[in-house]
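Down below is the structure, laid out as structure tokens.
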Amino acid sequence: MKKIFIAALAIATILIIALFGTGLYMLTYSLTPSDSRSDMTKAYARLYKEHPDMKQWTDSIRENKLLRDTFIIMPNGEKHHALYMRNDSAKGRTAIIVHGYKDCAPRFLTIARIYHQQANRNILLPDLHGHGLSEGDDIQMGWKDRHDIIHWTKVAEKMFADSSYRSSIVLHGISMGAATVMNISGDESAPENIDCIVEDCGYSSVWDEFAVQLHDQFSLPEFPIMHISSMLCKMRHGWSFSEASSLRQISKSRFPILFIHGDADTFVPFNMLRPLYDAARQPKEKWVVKGARHAEAYKINPDEYARRITEFTNRYSGNARQ
């Protein structure tokens, strides 16, 4: 009997160690920044490969020093980076474009060009914590990132200050960036100069998204690995998967929101769109892009993408005189 008990205890111990090891591996795998995150040459090359029409415009604004880099020190002491460009016709209006998971600012100049050329806005493209040229040893999945983007809105207000017009900011996020701006939407510290939000293929919560990837990439069940990984995340990084809920934040939002999602998206599943849209209480619109996979809405129909975001943001953004 004693031998059976000892054997059972040993098996249970090995199982617990294995589960915690798996949970730690999944956490590290998910939240470790890319090794090539600071390689801007590769980022621009990838932009040109995926969107050849961007090369002439991007090369021109870079060569003429219209597109510039800026570095700021965040309240936590980290140095963060962003690209920015002024528009002489902006009248205080700015678009802040937030990139996705393991990505960086230059890759979303496609969206920035729309706001600059068609919506006559200043543009600011931050690199999130642990991405691009911004410092950080972990990926925050849009949760703690919301504080950094709120800080960038204050930087943008000063950077693009116009004595004749009030500051008017649009937040536009893609994928993890979309989760970031949705998380801001329900944050009590979100500044009043945010006029509206555009979210493109954002997930309902970190828990929901990681559960999908755990199943799709590793064929592993949600229980107990997600619970262990979330607990370890709370211990190591100060937040849990369940608290990082865009769905909950959206339900508290004060801002008009445009939802964009491809109906062929399986990475951030299309079925996440409906609960997010239903939870929003402020003026809202949605655009379902037929045949678009993850973050492909612009690629599938760039003209319609430009029309919809320009019309939506113009409808809710002010440029009233001070």
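The values are calculated or read from the model by the stated rules, or taken from the named source; none is laboratory data. Just so it is clear, the structure is predicted and the values come from calculations on it, not from any experiment. All Cβ positions, glycine included, derive from the backbone under ideal geometry; neighbour counts span all protein chains shown. Only protein heavy atoms, including side chains, enter the accessible area calculation; ligands, DNA and RNA are left aside. Shrake-Rupley method; radii C 1.70, N 1.55, O 1.52, S 1.80 Å.
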query = Residues of region 17-76 being in contact with a helix residue (DSSP H, G or I) (Cβ under 7 Å, 6 or more places away or on another chain), part of a loop (DSSP other than H, G, I, E, B) and of a type in the set (Gly, Ala, Ser), which ones?
reply = SER36
query = Out of all the residues in region 58-101, which are surrounded by 16 or more Cβ atoms within 10 Å (Cβ to Cβ) and of a type in the set (Phe, Trp, Tyr)?
reply = TYR84, TYR101
key: Neighbours by Cβ (under 6 Å, 6+ apart or cross-chain): first from region 303-322, modelled with pLDDT of 95 or more; second open to solvent by 20 Å² or more (accessible area, probe 1.4 Å) and assigned to a helix (DSSP H, G or I)   = TYR305/TYR298; ALA306/GLN118; THR310/GLN118
task = Kindly provide the set of residues from region 137-188 that are out of contact with any Lys or Arg (no Cβ under 8 Å at 6 or more places or on another chain), open to solvent by 30 Å² or more (accessible area, probe 1.4 Å) and part of a strand (DSSP E or B), ordered by number.
result = none
message = Residues to consider are SER30, SER38; find the one that is surrounded by 16 or more Cβ atoms within 10 Å (Cβ to Cβ), of a type in the set (Gly, Ala, Ser) and more than 22 Å from TRP239 (Cβ to Cβ).
response = SER38
task = Please find, among ASP195, ASP263, ASP208, the residue that is open to solvent by 40 Å² or more (accessible area, probe 1.4 Å), modelled with pLDDT of 95 or more, out of contact with any Pro (no Cβ under 7 Å at 6 or more places or on another chain) and closer than 20 Å to TRP287 by Cβ.
result = ASP263
Residue list for region 286-309, restricted to those being open to solvent by less than 60 Å² (accessible area, probe 1.4 Å), outside any helix (DSSP H, G or I) and charged (D, E, K, R) = GLU296
remark   = Those residues of region 241-254 which are under 17 Å from the mean Cα position of the chain (by Cα) and not in a helix (DSSP H, G or I) amount to PHE241, GLU243, ALA244, SER245, SER253
remark   = Every listed condition ((1) over 25 Å from ASN120 (Cα atoms); (2) of a type in the set (S, T, N, Q); (3) more than 17 Å from the chain's Cα centre (by Cα); (4) open to solvent by less than 50 Å² (accessible area, probe 1.4 Å)) holds for SER317 save (1)
query = What number of residues within region 228-246 are out of contact with any Ser or Thr (no Cβ under 9 Å at 6 or more places or on another chain) and without any contact (Cβ under 8 Å) to a residue 12 or more places away in the chain?
reply = 1
query = So which residues in region 102-118 are touching a Ser or Thr at 6+ places or on another chain (Cβ under 9 Å) and surrounded by fewer than 21 Cβ atoms within 10 Å (Cβ to Cβ)?
reply = LYS102, ARG113, GLN118
task = Take GLU222 and decide whether it is touching a His at 6+ places or on another chain (Cβ under 9 Å) and either β-branched (Val, Ile, Thr) or not in a helix (DSSP H, G or I) (or both).
result = yes
